[in-house]
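K.L.:
What follows is a structure written as structure tokens; I'll ask about it next.
The values are calculated or read from the model by the stated rules, or taken from the named source; none is laboratory data. As the structure is a computational prediction, the values presented were derived from the model and not from experiment. No Cβ is skipped: glycine too gets one built from the backbone with ideal geometry, and neighbour counts run over all protein chains shown.
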Amino acid sequence: MTRPYAEVIGDPIAQSKSPAIHGFWLDKAGIEAAYRRERVAHDELQSYLAAHRSDPLWRGCNVTMPHKQAIMPHLDRLDPLAVRIGAVNTVVRGSDGLLTGFNTDCAGFFEPLQPYLADRHLFRMARILGTGGAARAIVAGLADHGFTLVLAGRDRSKAQSLLDELAPHGEHYAVDLAHFADPTDFAFDDREGVLDLVVNASPLGMRGQPALAFDWSHAPPCSIAYDIVTDPLETPFLKAARSAGHETLNGLSMLVGQADAAFALFFGIHPPREQDAELRERLVS
């Protein structure tokens, strides 16, 4: 490798669409650089970073599961947002060889929600399923946007601790993930002027993982279902939401949004987003 490069690391990593996204943008922008993927196991994180911090061609890496929290102690500096969220999805090597951790998941998650957030609402509520690294960014961001949160995890106490840490103000609720698996006959209030989100922030439903057990009787009418899973893009969660009459957003929106911010950190310019339609066609083909 004789040109600058960045990577995405994780375990597993073969399913990652990040190389296709960054490669497309590098080509369109005429930048002589590369972006690739590398499988890095949990016990290899320290050696991976040690080997790359001395490489002046290495611009950094994106970080996917299960490393978003585990990588933090191995870095030299942390961006304040990454500190607050408690998770890193982008590592950048400075010219001094020091490694700084950033979180671009929050910006990516909110990119497709901007048209909805531009409106004023009487009330905003989000049901968030999952308590991992991506969920931390989502919880922090939604709390900042005035949402009342219901956070569901396999371990209710972990969900409560996460809310206490990231959303200490307001009335938020932690529940067991199994709560949403069975039907309910709960009668929802009038939702006029209300923005309701149901977010799968877990890997459930991803190829090779069990499906997410969520009964859509738990979602208020006209909710927006948002699944951050990217493989497959059309998850059982989204199919069921659409069948129940809800609007849906898939994980590609968040993936492209967070990649935009990471690309700027790696290569010094924002990518050519005017060609998003072509990029999305390639990603789904």
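K.L.:
Taking interchain pairs and intrachain pairs at least six residues apart, which have beta carbon atoms under 6 angstrom, with the first residue in region 63-77 and assigned by TED's automatic domain parsing to the domain that holds P19 and without any contact (Cβ under 8 Å) to a residue 40 or more places away in the chain and the second part of a loop (DSSP other than H, G, I, E, B) and surrounded by 16 or more Cβ atoms within 10 Å (Cβ to Cβ)?
P.N.:
Pairs that qualify, where the first residue is assigned by TED's automatic domain parsing to the domain that holds P19 and without any contact (Cβ under 8 Å) to a residue 40 or more places away in the chain and the partner is part of a loop (DSSP other than H, G, I, E, B) and surrounded by 16 or more Cβ atoms within 10 Å (Cβ to Cβ), are I71/V88; M72/V88.
K.L.:
Still on this model: Going by the conditions given, is P271 touching a His at 6+ places or on another chain (Cβ under 9 Å), under 17 Å from P19 (Cβ atoms), at pLDDT 95 or above and part of a loop (DSSP other than H, G, I, E, B)? Give the steps one after another, and end with the answer.
P.N.:
Values: touching a His at 6+ places or on another chain (Cβ under 9 Å): yes; under 17 Å from P19 (Cβ atoms): yes; at pLDDT 95 or above: yes; part of a loop (DSSP other than H, G, I, E, B): yes.
Judged against the criteria, P271 is a match.
K.L.:
Here's a check for you: in region 62-109, which residue that is at pLDDT below 95 and polar (S, T, N, Q) is nearest to S253 (Cα to Cα)?
P.N.:
Among them, the one singled out is T64.
K.L.:
With the checklist (1) at positive phi; (2) out of contact with any helix residue (DSSP H, G or I) (no Cβ under 7 Å at 6 or more places or on another chain) in hand, flag the one item G205 doesn't pass.
P.N.:
All conditions are met except number (2).
K.L.:
Among what's in region 75-111 and is of a type in the set (S, T, Y) and over 16 Å from L45 (Cα atoms), pick the residue that is surrounded by the fewest Cβ atoms within 10 Å (Cβ to Cβ).
P.N.:
S95
Rundown of residues vs (1) surrounded by fewer than 14 Cβ atoms within 10 Å (Cβ to Cβ); (2) assigned by TED's automatic domain parsing to the domain that holds A134; (3) out of contact with any His (no Cβ under 9 Å at 6 or more places or on another chain), yes/no style:
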{"site": "G193", "(1), (2), (3)": "yes, yes, no"}
{"site": "L197", "(1), (2), (3)": "no, yes, yes"}
{"site": "L204", "(1), (2), (3)": "no, yes, yes"}
{"site": "S217", "(1), (2), (3)": "yes, yes, yes"}
{"site": "T230", "(1), (2), (3)": "no, yes, yes"}
{"site": "G245", "(1), (2), (3)": "yes, yes, yes"}
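Residues checked against (1) at pLDDT below 95; (2) not assigned by TED's automatic domain parsing to the domain that holds H121:
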residue: A181; (1), (2): no, no
residue: A201; (1), (2): no, no
residue: R207; (1), (2): yes, no
residue: F237; (1), (2): no, no
residue: D260; (1), (2): no, yes
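K.L.:
Take E32 and tell me if it is acidic (D, E), surrounded by fewer than 15 Cβ atoms within 10 Å (Cβ to Cβ) and outside any helix (DSSP H, G or I).
P.N.:
Considered against the rule, which asks whether it is acidic (D, E), surrounded by fewer than 15 Cβ atoms within 10 Å (Cβ to Cβ) and outside any helix (DSSP H, G or I), E32 comes out as yes.
K.L.:
Which condition does A261 not pass, out of (1) part of a loop (DSSP other than H, G, I, E, B); (2) under 13 Å from the mean Cα position of the chain (by Cα), if it passes all the others?
P.N.:
(1)
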